[in-house]
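Reviewing the structure listed below.
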């Protein structure tokens, strides 16, 4: 079957209204850059009604398919250790593997924007085995010397360090069974896969039975690297261009080669670029954050010209004000310029479960969200007494 006859799609996940601006600009830029395929937006009951309404209004304009889903969290008997509380609901990202009626699917995080046509990523699907994924390496340079990072996380052990332009685009560092451990770590912001019931069932069984989840600091990312160990192929950095690569890996990075920009750490929509051109938690992201705000301004102008005033009103509720002030919202602050301070708001040191977030995205042991997937993932099932058995 020719690639043009294949059925492809993109997916993303939103659990909190603080990511609404990210999802809408992701969908807007996908379409703007000429993508032929829809963006399936998974959203949980924790998403505020105003955000759902905004997605519904945008869906026909930017080719969104909205798909409600339940949250996915580990068994209640596991003691979870995360870098920050905000990662507590990212386990639900694994639900995108439930979409089985496509030949290939490309997952994209809600904090991304597209600057070139992304559809070329599906060309990689032809050579991808059915039970593999294609993804990008995690950058393990750890230039900030974060205390939680293992000793081997350094520039010398980063899979991007040996690369330079232009070879890095088509010849990323390969992952082999003999590769150093850090080369086996992937970044889960973007990954390509062949969905199937068999793959989802296998993944679900591993999720509901393994005790390894208690060791993961980046929930879905560590899970995928473990589950697909020696079964993932590396892609060029341009498909998941971490904004920090611009100054950490300048030998490789070129602005005009960025296909998909990943706004890791603090998110651009939480704060405007300062008058002196600085942005980001380290002040080095003025250029890349500026790109996001350019797309936002274009989106606003287009919607206003269409008379889509409600779309604009809802969007502006979840983006920094024009006067430069940030929203006084705990969820927005948790992904803003002081995001590093929120790393202290983590679970693990006290071996406690995730604390409840302001929009109910995660909860403690008594929370209705302390659930895991049931048989084949069709709805949540509470496991009494910390049972790890699959629902019958």
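Side notes on the structure shown:
- Some residue of region 6-28 being under 15 Å from residue 107 (Cβ atoms) and in a loop (DSSP other than H, G, I, E, B): yes
- Residues being out of contact with any helix residue (DSSP H, G or I) (no Cβ under 9 Å at 6 or more places or on another chain) and either surrounded by fewer than 23 Cβ atoms within 10 Å (Cβ to Cβ) or not in a helix (DSSP H, G or I) (or both) - total across region 230-243: 1
- Scanning region 144-156 for residues that are within 17 Å of residue 242 (Cα to Cα) and surrounded by 14 or more Cβ atoms within 10 Å (Cβ to Cβ) turns up 153, 154, 155.
- Region 288-310, residues that are surrounded by fewer than 16 Cβ atoms within 10 Å (Cβ to Cβ) and over 21 Å from the mean Cα position of the chain (by Cα): 294, 297, 298, 301, 302, 304, 305, 306, 307, 309, 310
- Within region 330-347, not a single residue is more than 30 Å from residue 213 (Cα to Cα), in a helix (DSSP H, G or I) and modelled with pLDDT of 50 or more.
- Residue within region 21-33 that is farther than 20 Å from residue 261 by Cβ, within 19 Å of the chain's Cα centre (by Cα) and surrounded by 24 or more Cβ atoms within 10 Å (Cβ to Cβ) present: no
- Being surrounded by fewer than 19 Cβ atoms within 10 Å (Cβ to Cβ) and assigned to a helix (DSSP H, G or I) holds for only one residue in 284, 313, and it is 313.
- Checking each residue of region 207-229 against the condition of being over 16 Å from residue 132 (Cβ atoms), assigned to a loop (DSSP other than H, G, I, E, B) and modelled with pLDDT of 95 or more gives no match.
- Residue within region 256-265 that is closer than 17 Å to residue 294 by Cβ, in a helix (DSSP H, G or I) and without any contact (Cβ under 8 Å) to a residue 12 or more places away in the chain present: yes
- Lone unmet requirement of (1) over 20 Å from residue 20 (Cα atoms); (2) without any contact (Cβ under 8 Å) to a residue 60 or more places away in the chain; (3) in contact with a helix residue (DSSP H, G or I) (Cβ under 9 Å, 6 or more places away or on another chain); (4) not in a helix (DSSP H, G or I) for residue 272: (1)
- Residue match in region 243-250 (condition: under 18 Å from the mean Cα position of the chain (by Cα) and more than 18 Å from residue 19 (Cα to Cα)): yes
- Failed item in (1) assigned to a helix (DSSP H, G or I); (2) modelled with pLDDT of 95 or more; (3) surrounded by fewer than 23 Cβ atoms within 10 Å (Cβ to Cβ), with residue 121 passing the rest: (3)
- Some residue of region 159-173 being in contact with a helix residue (DSSP H, G or I) (Cβ under 7 Å, 6 or more places away or on another chain), in contact (Cβ under 8 Å) with a residue 12 or more places away in the chain, surrounded by 14 or more Cβ atoms within 10 Å (Cβ to Cβ) and under 23 Å from residue 219 (Cα atoms): yes
- If only residues of region 178-195 that are touching a helix residue (DSSP H, G or I) at 6+ places or on another chain (Cβ under 9 Å) and in a loop (DSSP other than H, G, I, E, B) are counted, the one that is nearest to residue 152 (Cα to Cα) is 180.
- Scanning region 50-69 for residues that are closer than 13 Å to residue 12 by Cβ and in a strand (DSSP E or B) yields 64, 65, 66, 67.
The values are calculated or read from the model by the stated rules, or taken from the named source; none is laboratory data. Computed from a predicted structure; not experimentally measured. All Cβ positions, glycine included, derive from the backbone under ideal geometry; neighbour counts span all protein chains shown.
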